[in-house]
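See structure below.
Throughout, read-outs are computed from the coordinates displayed, never taken from laboratory work. Predicted, not measured: the structure shown is a model, and the values here were computed from it. Methodologically, a virtual Cβ is constructed for each residue, glycine included, from the backbone with ideal geometry; neighbour enumeration extends over all protein chains shown.
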Amino acid sequence: MILLWCLLGAGIGLIAGLIPGLHSNNIAVILAATPFFGKEITAFMLSLCITQAFTEFIPAVFIGAPGENTFESILPAHRMLMQGKAFEAICLTTTGALTAVIAGSLLTPLFFMFIEQNSQQIIAITPIVLIAALIMFIAGEQTIKKKLVVIFVIIAAASQGILFKEQVFPLITGYFGIAGTLYSLKEKPFNAKQNTNAEINPKIILDSLIGITGGAIVSIMPGIGSNTAAGIINLFRKTKSTEKYLAMLGAINASNFFFSYATMLALDKARNGTMLALQEKIFHTTDTLFLGTIIMVTSAGIGGLAAIILAKKAIILFEEKVTQKMSIATIILMIILVGFFNGITGLTAMVFATSLGLFTIISGIRRSTCMSSLIVPVLFFYVFTLI
Amino acid sequence: MNDKTLSKICLTITLTGMLFLALTYKPEFEETTVSNLIQKENSKGIIFGKIESIIKTGQTTIFILNDSNKVLIYYPKTIEIEENDFVKVYAENNSKEITEEKYSSKKKELMLFAYKVIKE
């Protein structure tokens, strides 16, 4: 019976991952209203979350439509798409996620003990980490003029983040999806003949292990998302290899859910909407963590396999030359999705976010600075609420 | 490592996990009665009965459940229930610890720990 729930969760997770904007948190809201609970619903939700963590990179890579956890992948993934390596990009995020889940399952008991003993200290250093990330955005630029532009972007993005607090999807679609695609319209069409085979350097497993640290941070520190963690880690890294970055992002995304579950059991505190719903549906017994771990590892296998198969199918759609029509269709699709999920407010937020995203491209500064729209509100939350 | 190797690894993980799940999983709660639960320490089960009386203390709820046998139940959360309501309780008989630690000043009485209480 539990296997059926696990497979059902994996099936829905696969579909949810392919629909940009449909986050597991949305499904969790529906789940919270149902009378189901116990091990079965735990198996269902964990399986859904983990599988989605694998497949949600597919729309991010192929149509440039970001999810809440994947927008950082769009620039590197788009680069690989243009080189005909979209399939490799999916294999990289899959390898990262798979490594994270396997290593995470071994590290869970240690992680569980660590957060139980150090939760207060970890929360106390969060604002310092966030401030350091903002400083790194500014310090990362070479000239005074660019540093001033970065400060302006931080203020603008932070204002948007505060003004459109519940509009994460429209904001990230604007910054990272539509802005880049719109800008690419003025570029010449490229031959996007995609390679259907991928060769992965086993060394990227090391980067996946670094990603686990990011996933652990996300699962402990409230308000910090996978992308924020990836951005912060990337600021401190010297090597900016696209392949390593994608593997790391895949690892962060998967280990985030993995460790969120352990955090929920250890601290009885939910760090995302899914865990919040699950918290009310779960029995905190001795074997709950063990069962959850097995389910997540199993689902990781399903998710990885599905991501590889679905990515190959997606390539068939891209066998022809990618033209400007494709980019226009992608923009229209993203507008429809934002309108459908977030309404007029979402569309308004998206327009503002697209403008800022385009400004960063034209100014030649890093678009990840737009992440300030997530970082600053979280920082305010720590400064004014927790301290 | 190529994509085919990666697929094989994924398949191996899936099959191993499923096998492990099938071999190790056993339902945690099965329907039982108050008398069965109170007889065996550390046993778990789903019991169904009528609420005789309720004591609410801050964030916790303690109530007496009757399914032809009466038992005191400790639920570490608040819940909207009233006397004479019928409820389904996912309970465990680890009450010795609860009684001694939290209610040492009160009369020591067998108390079941409730993981979940559902109003029927």
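Some notes on this structure:
- Gain on full stretching of the segment that runs from A:Arg79 to A:Ser355 - 0.36 nm per residue minus C-alpha separation: 97.2 nm
- Cα-projected label distance for B:Asp85 with A:Leu148, points at 7 Å along beta-carbon direction, nm: 6.4 nm
- Which of A:Ile30, A:Ile15, A:Ile233 has the fewest Cβ neighbours within 10 Å, and the rest in rising order: A:Ile30, A:Ile15, A:Ile233
- Shielding value for A:1-8 is 2, the average number of Cβ atoms from other chains within 10 Å of each residue's Cβ.
- Folded to 0 to 90 degrees: helix B:3-24 orientation relative to chain B principal axis, Cα: 30 degrees
- Each Cα pair under 8 Å and six or more residues apart adds its sequence gap; the mean of these over the residue count of chain B is a relative contact order of 22 percent.
- Full extension of the chain between A:Asn201 and A:Tyr183 yields a length gain of 3.3 nm, computed as 0.36 nm times the residue separation minus the alpha carbon distance.
- Net length available on complete extension from A:Lys313 to A:Gln279 is 8.6 nm, with 0.36 nm assigned per residue and the Cα-Cα distance removed.
- Cβ-Cβ FRET estimate between B:Thr12 and A:Leu106, R0 fixed at 22 Å, reported to 0.05: 0.85
- Relative packing of A:90-100, B:60-70, which averages over residues the other C-beta atoms within 10 Å, highest first: A:90-100, B:60-70
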